(Lines give C-alpha, C1' and ligand atoms only; values in the text may rest on other atoms or scores of the structure.)
Protein backbone atom coordinates (compact mmCIF):
# COMPACT_ATOMS: atom_id res chain seq x y z
CA UNK A 1 0.00 0.00 0.00
CA UNK A 2 1.42 3.38 -0.97
CA UNK A 3 2.37 5.70 1.84
CA UNK A 4 1.45 8.96 0.17
CA UNK A 5 -0.72 11.15 2.33
CA UNK A 6 -0.96 14.11 -0.03
CA UNK A 7 -1.59 14.30 -3.76
CA UNK A 8 1.44 14.06 -6.02
CA UNK A 9 2.64 17.51 -7.08
CA UNK A 10 3.99 18.30 -10.53
CA UNK A 11 5.53 21.74 -10.10
CA UNK A 12 8.59 23.85 -10.71
CA UNK A 13 11.75 23.48 -8.67
CA UNK A 14 14.54 26.02 -8.16
CA UNK A 15 18.16 25.03 -7.51
CA UNK A 16 19.70 26.93 -4.60
CA UNK A 17 23.19 25.44 -4.39
CA UNK A 18 25.19 22.21 -4.46
CA UNK A 19 28.01 20.74 -2.39
CA UNK A 20 30.24 17.69 -2.41
CA UNK A 21 29.23 15.47 0.52
CA UNK A 22 31.66 12.62 -0.23
CA UNK A 23 34.24 11.83 -2.89
CA UNK A 24 32.28 11.60 -6.15
CA UNK A 25 28.96 12.38 -4.44
CA UNK A 26 27.11 15.70 -4.54
CA UNK A 27 24.09 17.05 -2.71
CA UNK A 28 21.76 19.44 -4.49
CA UNK A 29 19.67 21.89 -2.46
CA UNK A 30 16.38 23.18 -3.84
CA UNK A 31 13.78 25.64 -2.62
CA UNK A 32 10.93 23.57 -1.22
CA UNK A 33 7.81 24.07 -3.35
CA UNK A 34 4.78 25.54 -1.56
CA UNK A 35 2.57 22.92 0.09
CA UNK A 36 5.08 20.15 -0.62
CA UNK A 37 4.70 17.43 2.00
CA UNK A 38 6.32 14.01 2.20
CA UNK A 39 7.15 11.21 4.58
CA UNK A 40 10.83 10.46 5.24
CA UNK A 41 12.04 7.75 2.88
CA UNK A 42 9.89 8.80 -0.07
CA UNK A 43 11.26 9.80 -3.48
CA UNK A 44 10.62 12.31 -6.25
CA UNK A 45 11.09 12.46 -10.01
CA UNK A 46 13.22 15.41 -11.13
CA UNK A 47 13.23 16.53 -14.76
CA UNK A 48 15.70 18.85 -16.49
CA UNK A 49 14.00 21.57 -18.55
CA UNK A 50 15.51 22.23 -22.00
CA UNK A 51 18.94 20.84 -21.03
CA UNK A 52 21.94 21.75 -23.22
CA UNK A 53 22.57 18.04 -23.79
CA UNK A 54 20.70 14.79 -23.35
CA UNK A 55 21.19 11.08 -24.05
CA UNK A 56 19.18 7.92 -24.43
CA UNK A 57 18.50 7.73 -20.69
CA UNK A 58 16.29 10.81 -20.88
CA UNK A 59 15.90 13.96 -18.79
CA UNK A 60 14.14 12.52 -15.73
CA UNK A 61 15.58 10.65 -12.75
CA UNK A 62 14.10 9.34 -9.51
CA UNK A 63 15.82 10.40 -6.28
CA UNK A 64 15.17 9.59 -2.65
CA UNK A 65 14.70 12.78 -0.64
CA UNK A 66 17.70 13.17 1.64
CA UNK A 67 16.33 16.08 3.64
CA UNK A 68 13.87 15.66 6.49
CA UNK A 69 10.38 17.20 6.32
CA UNK A 70 11.18 19.71 9.08
CA UNK A 71 14.13 21.14 7.14
CA UNK A 72 13.58 24.27 5.08
CA UNK A 73 15.10 23.00 1.84
CA UNK A 74 14.57 19.96 -0.35
CA UNK A 75 17.81 17.99 -0.76
CA UNK A 76 18.85 15.08 -2.96
CA UNK A 77 22.28 13.46 -3.17
CA UNK A 78 23.75 11.32 -5.92
CA UNK A 79 26.92 9.68 -7.18
CA UNK A 80 28.25 11.78 -10.05
CA UNK A 81 28.85 9.42 -12.93
CA UNK A 82 29.46 10.68 -16.47
CA UNK A 83 25.95 10.84 -17.96
CA UNK A 84 24.33 13.76 -19.75
CA UNK A 85 21.84 14.23 -16.88
CA UNK A 86 24.58 14.32 -14.25
CA UNK A 87 26.79 16.65 -16.30
CA UNK A 88 23.96 19.15 -16.77
CA UNK A 89 22.97 18.95 -13.09
CA UNK A 90 26.58 19.40 -11.95
CA UNK A 91 26.99 22.53 -14.09
CA UNK A 92 23.58 24.06 -13.36
CA UNK A 93 23.75 27.52 -11.84
CA UNK A 94 21.82 28.55 -8.73
CA UNK A 95 18.39 29.71 -9.86
CA UNK A 96 18.09 27.01 -12.53
CA UNK A 97 14.52 25.80 -12.90
CA UNK A 98 13.65 22.10 -12.97
CA UNK A 99 10.44 20.10 -12.61
CA UNK A 100 9.57 17.89 -9.66
CA UNK A 101 6.87 15.25 -9.46
CA UNK A 102 5.97 13.38 -6.31
CA UNK A 103 6.41 12.36 -3.61
CA UNK A 104 5.93 8.63 -4.09
CA UNK A 105 6.94 5.36 -2.51
CA UNK A 106 6.21 3.29 0.59
CA UNK A 107 9.81 2.96 1.87
CA UNK A 108 8.90 4.80 5.08
CA UNK A 109 9.28 4.16 8.79
CA UNK A 110 6.66 1.83 10.26
CA UNK A 111 4.28 3.28 12.82
CA UNK A 112 4.51 0.60 15.55
CA UNK A 113 7.02 2.20 17.89
CA UNK A 114 7.48 -1.01 19.89
CA UNK A 115 9.21 -2.66 16.88
CA UNK A 116 12.82 -1.52 16.31
CA UNK A 117 13.93 -0.37 12.86
CA UNK A 118 17.21 -1.65 11.44
CA UNK A 119 18.57 0.35 8.50
CA UNK A 120 21.12 -1.41 6.28
CA UNK A 121 22.67 1.14 3.92
CA UNK A 122 25.29 0.77 1.22
CA UNK A 123 26.86 3.89 -0.28
CA UNK A 124 24.37 6.41 -1.65
CA UNK A 125 21.58 4.23 -0.25
CA UNK A 126 22.01 6.37 2.87
CA UNK A 127 19.79 9.16 1.51
CA UNK A 128 16.33 7.93 2.65
CA UNK A 129 17.77 6.99 6.04
CA UNK A 130 19.19 10.47 6.62
CA UNK A 131 15.66 11.80 6.22
CA UNK A 132 14.15 9.18 8.54
CA UNK A 133 16.81 9.52 11.25
CA UNK A 134 16.84 13.33 11.43
CA UNK A 135 13.04 13.54 11.39
CA UNK A 136 12.76 10.92 14.16
CA UNK A 137 15.18 12.94 16.30
CA UNK A 138 13.33 16.18 15.55
CA UNK A 139 9.95 14.65 16.42
CA UNK A 140 11.43 12.79 19.41
CA UNK A 141 9.75 9.56 18.34
CA UNK A 142 10.35 6.60 20.67
CA UNK A 143 11.41 4.24 17.85
CA UNK A 144 14.63 2.32 18.48
CA UNK A 145 16.68 2.87 15.31
CA UNK A 146 19.86 1.08 14.27
CA UNK A 147 21.91 2.13 11.24
CA UNK A 148 24.50 -0.18 9.67
CA UNK A 149 26.26 1.96 7.05
CA UNK A 150 28.74 0.32 4.66
CA UNK A 151 31.20 2.13 2.36
CA UNK A 152 34.50 1.31 0.74
CA UNK A 153 36.36 4.13 2.54
CA UNK A 154 35.50 7.03 4.87
CA UNK A 155 36.00 9.36 1.89
CA UNK A 156 33.05 7.66 0.16
CA UNK A 157 30.62 7.93 3.10
CA UNK A 158 28.10 10.72 2.49
CA UNK A 159 26.68 12.43 5.61
CA UNK A 160 28.82 10.27 7.93
CA UNK A 161 29.89 13.15 10.22
CA UNK A 162 26.32 14.38 10.49
CA UNK A 163 24.98 10.91 11.32
CA UNK A 164 27.76 10.39 13.87
CA UNK A 165 26.66 13.57 15.64
CA UNK A 166 23.02 12.45 15.49
CA UNK A 167 23.96 9.16 17.17
CA UNK A 168 25.71 11.05 19.97
CA UNK A 169 22.58 13.10 20.63
CA UNK A 170 20.00 10.30 20.36
CA UNK A 171 20.33 7.34 22.77
CA UNK A 172 17.77 5.45 20.66
CA UNK A 173 20.01 5.60 17.58
CA UNK A 174 23.20 3.50 17.50
CA UNK A 175 25.29 4.00 14.33
CA UNK A 176 27.47 1.12 13.13
CA UNK A 177 29.61 2.39 10.24
CA UNK A 178 31.91 -0.07 8.46
CA UNK A 179 34.46 0.21 5.67
CA UNK A 180 35.20 -2.61 3.23
CA UNK A 181 38.40 -1.20 1.67
CA UNK A 182 39.81 0.84 4.52
CA UNK A 183 43.36 -0.03 3.43
CA UNK A 184 42.80 2.21 0.37
CA UNK A 185 41.88 5.21 2.50
CA UNK A 186 44.12 8.18 3.20
CA UNK A 187 42.19 8.78 6.43
CA UNK A 188 42.57 7.02 9.74
CA UNK A 189 39.58 4.83 10.55
CA UNK A 190 38.90 3.52 14.04
CA UNK A 191 35.50 2.02 13.36
CA UNK A 192 34.36 -1.34 12.03
CA UNK A 193 35.74 -2.87 8.86
CA UNK A 194 34.39 -5.54 6.54
CA UNK A 195 31.03 -6.23 4.99
CA UNK A 196 27.77 -6.24 6.94
CA UNK A 197 27.11 -9.90 7.79
CA UNK A 198 25.15 -11.96 10.27
CA UNK A 199 27.97 -11.83 12.82
CA UNK A 200 28.03 -8.01 12.73
CA UNK A 201 24.26 -7.81 13.07
CA UNK A 202 24.19 -10.30 15.96
CA UNK A 203 26.92 -8.34 17.76
CA UNK A 204 24.92 -5.11 17.81
CA UNK A 205 21.26 -6.21 17.85
CA UNK A 206 19.50 -7.76 20.86
CA UNK A 207 17.81 -10.20 18.48
CA UNK A 208 17.68 -10.63 14.71
CA UNK A 209 14.00 -11.52 14.89
CA UNK A 210 11.57 -8.75 15.79
CA UNK A 211 12.84 -5.58 14.06
CA UNK A 212 11.66 -4.24 10.71
CA UNK A 213 14.64 -4.20 8.32
CA UNK A 214 15.12 -1.51 5.68
CA UNK A 215 17.69 -2.26 2.96
CA UNK A 216 18.93 0.44 0.56
CA UNK A 217 21.95 0.44 -1.72
CA UNK A 218 23.28 -1.17 -4.91
CA UNK A 219 21.16 -4.13 -6.11
CA UNK A 220 23.87 -6.69 -5.34
CA UNK A 221 24.25 -5.39 -1.80
CA UNK A 222 20.47 -5.39 -1.22
CA UNK A 223 20.21 -8.97 -2.51
CA UNK A 224 23.08 -10.09 -0.27
CA UNK A 225 21.55 -8.47 2.81
CA UNK A 226 18.17 -10.04 2.10
CA UNK A 227 19.85 -13.44 1.78
CA UNK A 228 21.65 -13.02 5.10
CA UNK A 229 18.45 -12.03 6.88
CA UNK A 230 16.24 -14.78 5.48
CA UNK A 231 18.91 -17.39 6.19
CA UNK A 232 19.01 -16.14 9.78
CA UNK A 233 15.26 -16.70 10.09
CA UNK A 234 13.97 -13.14 9.64
CA UNK A 235 10.40 -13.09 8.31
CA UNK A 236 10.17 -11.83 4.71
CA UNK A 237 7.33 -9.53 5.80
CA UNK A 238 9.81 -7.71 8.06
CA UNK A 239 12.19 -6.83 5.18
CA UNK A 240 11.71 -3.72 3.02
CA UNK A 241 14.03 -2.80 0.18
CA UNK A 242 15.00 0.09 -2.07
CA UNK A 243 17.57 -0.49 -4.82
CA UNK A 244 19.88 2.27 -6.04
CA UNK A 245 21.07 1.45 -9.55
CA UNK A 246 24.08 3.15 -11.08
CA UNK A 247 22.30 5.88 -12.99
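Miscellaneous remarks
- Checked against (1) under 29 Å from residue 155 (Cα atoms); (2) under 21 Å from the mean Cα position of the chain (by Cα); (3) surrounded by 15 or more Cβ atoms within 10 Å (Cβ to Cβ), residue 38 meets all criteria but (1).
- Residue 146 meets each of the listed conditions (1) in contact (Cβ under 8 Å) with a residue 60 or more places away in the chain; (2) outside the structural domain of residue 166 (by TED's automatic domain parsing) apart from (2).
- Matching residues in region 138-158 - criterion: being in a helix (DSSP H, G or I) and touching a strand residue (DSSP E or B) at 6+ places or on another chain (Cβ under 9 Å): 154, 155, 156
- Given (1) under 18 Å from the mean Cα position of the chain (by Cα); (2) surrounded by 20 or more Cβ atoms within 10 Å (Cβ to Cβ); (3) more than 30 Å from residue 153 (Cβ to Cβ), index of the condition residue 45 fails: (2)
- Every listed requirement among (1) assigned to a strand (DSSP E or B); (2) in contact with a strand residue (DSSP E or B) (Cβ under 6 Å, 6 or more places away or on another chain); (3) in contact (Cβ under 8 Å) with a residue 40 or more places away in the chain is met by residue 78 save one, (2).
- Qualifying residue in region 163-184 (condition: part of a loop (DSSP other than H, G, I, E, B) and at positive phi): no
- Long-range neighbours under 6 Å by Cβ, at least six apart or interchain, first residue under 20 Å from residue 203 (Cβ atoms) and in the same structural domain as residue 144 (by TED's automatic domain parsing) within region 154-177, second at pLDDT 95 or above and part of a loop (DSSP other than H, G, I, E, B): 167/173; 172/144
- Residue match in region 109-131 (condition: out of contact with any strand residue (DSSP E or B) (no Cβ under 7 Å at 6 or more places or on another chain), more than 30 Å from residue 52 (Cα to Cα), touching a residue at least 60 places away in the same chain (Cβ under 8 Å) and in the same structural domain as residue 196 (by TED's automatic domain parsing)): yes
- Matching residues, region 113-124, being surrounded by 22 or more Cβ atoms within 10 Å (Cβ to Cβ) and within 15 Å of residue 146 (Cα to Cα): 117, 118, 119, 120, 121, 122
- Residue count for region 80-112, restricted to those that are under 29 Å from residue 143 (Cβ atoms) and surrounded by 17 or more Cβ atoms within 10 Å (Cβ to Cβ): 7
- Scanning region 185-205 for residues that are within 20 Å of residue 109 (Cα to Cα) and outside any helix (DSSP H, G or I) returns a single hit, 205.
- Residues of region 66-75 that are surrounded by 17 or more Cβ atoms within 10 Å (Cβ to Cβ) and either in contact with a strand residue (DSSP E or B) (Cβ under 6 Å, 6 or more places away or on another chain) or farther than 29 Å from residue 163 by Cβ (or both): 66, 67, 74, 75.
- Summed over region 206-247, residues that are in a strand (DSSP E or B) and within 18 Å of residue 110 (Cα to Cα) total 9.
The values are calculated or read from the model by the stated rules, or taken from the named source; none is laboratory data. In this text the structure is predicted, and so the values were computed from the model without any measurement. Note that each Cβ is placed from the backbone with ideal geometry, even for glycine, and that neighbours are counted across all protein chains shown.
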